[in-house]
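*Asks:* Pasting in a structure now, in structure tokens, and then I'll have a few things to ask.
The values are calculated or read from the model by the stated rules, or taken from the named source; none is laboratory data. All values reported here derive from a predicted model rather than from experimental measurement. Neighbour counts run over all protein chains shown; Cβ positions are idealised from the backbone, glycine included.
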Amino acid sequence: MRLLQNGHLLVLSLGGLLLVGCIYLTFTFSCNSVDLQLEDLQWYLRMTKRKELYKFRDLTSVHGFLYKQPSLLNGRTDVVTVTPWLAPVVWEDTFDTTLIDAIYKTQNITIATTVFALGKYVRFLKDFLESAEKHYMQGYRVHYYIFTDQPEAVPMVTLGANRSLTTLKIPSSNRWQDISLGRMEKLEKLIENQLVNEVDYIFSLDVDSKFYGHWGAETLGDIVAVIHPGYYSTTRDEFPYERRPESQAYIPQGIGDYYYGGAVIGGLVKEVHKLVKTCRIQLDVDKANSIEAAWQEESHLNKYFLYNKPTKVLSAEYLWQDFNSKTDDIKIIRFSQVIKNYDEVRPNP
Ligand code: UD2
């Protein structure tokens, strides 16, 4: 009798375990099918295979390398060099290029650099590329990806050692807003289809711009934003964030850190993928609701960075505008938007 009771108990326990297991599996699979699409899963597996991705977070320095002693008492006092969430804000005199290079050059990294040059914007490519070859990531492996509707118009610019260029043909649009907005989706696909296995970092840059000074590995970080030069001394309520609650880019008055420019997005390929995918999804929702954010993808970018703080912030030295005169706190202009006749270069007003 006692044996029979023990047997029942055993059967009941096993049955219970089986039931719990089934419930767990059903729950897990149904959750996955909602939250984790198959493509996300495949993407995750591909990324985790790249274990070396995480080595970039180690800032290993070379033994015996000599450089100027860093000070804890003397430094820039005219500008803020760290955000309230402790991400560095990169200004001249906040970093030592020789030390930065000693750290990053041992990492054997490749930096993808994407630009879009559609319609009349192909005219900006020559100055962009020639100036990049003088100032941008010198000594590092750089692969430019040029998205254009006119591959034949991509200028022949002599590239330095370890620098390469791929032209990717895409259709243009008769609305400049769509060109600017469409960059998120194109970057998402490029990263997924190609860059994930080929490069370590990526920068997406506006083509109607030129490099005037050093832009190096001090700009590398997990996820990197740039301060928009037009708003670095204004209050958050003056930022041109999207203010309509109907848009996915909505940021109410009274909140916000900085106003970031859409002309520069950078970071580890995995982190930039997360950013562009999130923004693309939000843009799709807005499109379905027939709403376009005030500053297109820049508005969505600002929303993203409000809730996913950048790990490095580039000061306005890294995104100036040629029509602005230099201010005292900007000791060097490194990258700047050239003056353009909007009515003449854009396909629509
Ligand atoms: C701002 C942003 C820009 C983007 C835009 C969104 C800065 C300095 N600039 O500049 O990054 O967020 O607002 O409204 O932060 N393009 C073409 N062909 C065209 C039109 C655009 O290739 O006919 C590409 C090109 O790479 C260009 C980029 O889209 O650099 C942004 O367009 P824009 O420079 O005309 O935008 P803008 O000046 O309003």
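*Asks:* What is the one condition in (1) away from the ligand (no atom under 16 Å from the Cβ); (2) touching a Phe, Trp or Tyr at 6+ places or on another chain (Cβ under 8 Å); (3) closer than 14 Å to LEU181 by Cα that LEU268 does not satisfy?
*Replies:* With (1) away from the ligand (no atom under 16 Å from the Cβ); (2) touching a Phe, Trp or Tyr at 6+ places or on another chain (Cβ under 8 Å); (3) closer than 14 Å to LEU181 by Cα applied to LEU268, the lone miss is (3).
*Asks:* Kindly check whether there is at least one residue in segment 193-211 that is in contact (Cβ under 8 Å) with a residue 12 or more places away in the chain and touching a His at 6+ places or on another chain (Cβ under 7 Å).
*Replies:* yes
*Asks:* From the residues in segment 171-188 that are surrounded by 13 or more Cβ atoms within 10 Å (Cβ to Cβ) and more than 10 Å from the ligand (Cβ to nearest atom), which one is nearest to ALA132 (Cα to Cα)?
*Replies:* LEU187
*Asks:* Which condition breaks for THR113 when tested against (1) closer than 16 Å to GLY266 by Cβ; (2) away from the ligand (no atom under 15 Å from the Cβ); (3) among the hydroxyl-bearing types (Ser, Thr, Tyr)?
*Replies:* (2)
*Asks:* How many residues, within segment 321-335, are under 18 Å from GLU130 (Cα atoms) and over 18 Å from the mean Cα position of the chain (by Cα)?
*Replies:* So the count comes out to 3.
*Asks:* I'd like to check something: does segment 218-239 contain any residue that is assigned to a loop (DSSP other than H, G, I, E, B), within 16 Å of the ligand (Cβ to nearest atom) and within 13 Å of the chain's Cα centre (by Cα)?
*Replies:* For segment 218-239, residues assigned to a loop (DSSP other than H, G, I, E, B), within 16 Å of the ligand (Cβ to nearest atom) and within 13 Å of the chain's Cα centre (by Cα): absent.
*Asks:* Moving to a separate point now. Could you give me the residue pairs with C-beta distances under 6 Å whose first residue belongs to segment 338-349 and is more than 17 Å from PHE323 (Cβ to Cβ), whose second residue is modelled with pLDDT of 95 or more and small (Gly, Ala, Ser) wherever it lies, and which are 6+ apart or on separate chains?
*Replies:* Cβ pairs passing all conditions: PRO347/GLY119.
*Asks:* Please state which of the following conditions SER180 fails to meet, knowing it meets all the rest: (1) modelled with pLDDT under 95; (2) over 20 Å from the mean Cα position of the chain (by Cα); (3) among the hydroxyl-bearing types (Ser, Thr, Tyr).
*Replies:* All conditions pass for SER180, except number (2).
*Asks:* Please go through segment 129-142 and give me each residue that is crowded, with 19+ Cβ neighbours inside 10 Å and on the phi > 0 side of the Ramachandran plot, ordered by number.
*Replies:* Listed by number, the list holds a single entry, MET137.
*Asks:* For residues in segment 105-128 being among the hydroxyl-bearing types (Ser, Thr, Tyr) and at pLDDT 95 or above, which is surrounded by the fewest Cβ atoms within 10 Å (Cβ to Cβ)?
*Replies:* Within segment 105-128, the match that is surrounded by the fewest Cβ atoms within 10 Å (Cβ to Cβ) is THR110.
*Asks:* Scan segment 277-322 for residues that are within 11 Å of the ligand (Cβ to nearest atom), over 27 Å from GLN138 (Cβ atoms) and in a loop (DSSP other than H, G, I, E, B) and jot them down.
*Replies:* GLU292, ALA293, ALA294, TRP295
*Asks:* With the structure loaded, tell me whether ALA293 is of a type in the set (Gly, Ala, Ser) and over 19 Å from GLY230 (Cα atoms) or whether it fails that test.
*Replies:* Judged against the criteria, ALA293 is not a match.
*Asks:* Given the conditions (1) more than 10 Å from the ligand (Cβ to nearest atom); (2) part of a loop (DSSP other than H, G, I, E, B); (3) aliphatic (A, V, I, L, M), and given that VAL207 satisfies all but one, which numbered condition is not satisfied?
*Replies:* Just one mismatch for VAL207, condition (1).
*Asks:* Being surrounded by fewer than 24 Cβ atoms within 10 Å (Cβ to Cβ) and either part of a helix (DSSP H, G or I) or of a type in the set (Val, Ile, Thr) (or both) is the filter here, so list the residues in segment 246-268 that pass it.
*Replies:* Selection gives ILE251, ILE255, VAL264.
*Asks:* Under the condition of being hydrophobic (A, V, I, L, M, F, W, C) and farther than 10 Å from LEU129 by Cβ, which residue from segment 143-157 is surrounded by the most Cβ atoms within 10 Å (Cβ to Cβ)?
*Replies:* The qualifying residue surrounded by the most Cβ atoms within 10 Å (Cβ to Cβ) is PHE147.
*Asks:* Does TYR104 satisfy being assigned to a helix (DSSP H, G or I), within 16 Å of the ligand (Cβ to nearest atom) and aromatic (Phe, Trp, Tyr)?
*Replies:* no
*Asks:* Now for a different question. What residue, among those in segment 121-170 that are in contact with a helix residue (DSSP H, G or I) (Cβ under 6 Å, 6 or more places away or on another chain) and part of a helix (DSSP H, G or I), is nearest to the ligand (Cβ to nearest atom)?
*Replies:* VAL122
*Asks:* Enumerate the pairs (first residue in segment 153-178 and within 22 Å of HIS300 (Cβ to Cβ); second residue anywhere and among the aromatic types (Phe, Trp, Tyr)) with beta-carbon separation below 6 Å, excluding pairs fewer than 6 apart on the same chain, so at least 6 apart or on different chains.
*Replies:* Between residues of segment 153-178 that are within 22 Å of HIS300 (Cβ to Cβ) and residues that are among the aromatic types (Phe, Trp, Tyr), the close pairs are ILE170/PHE147.
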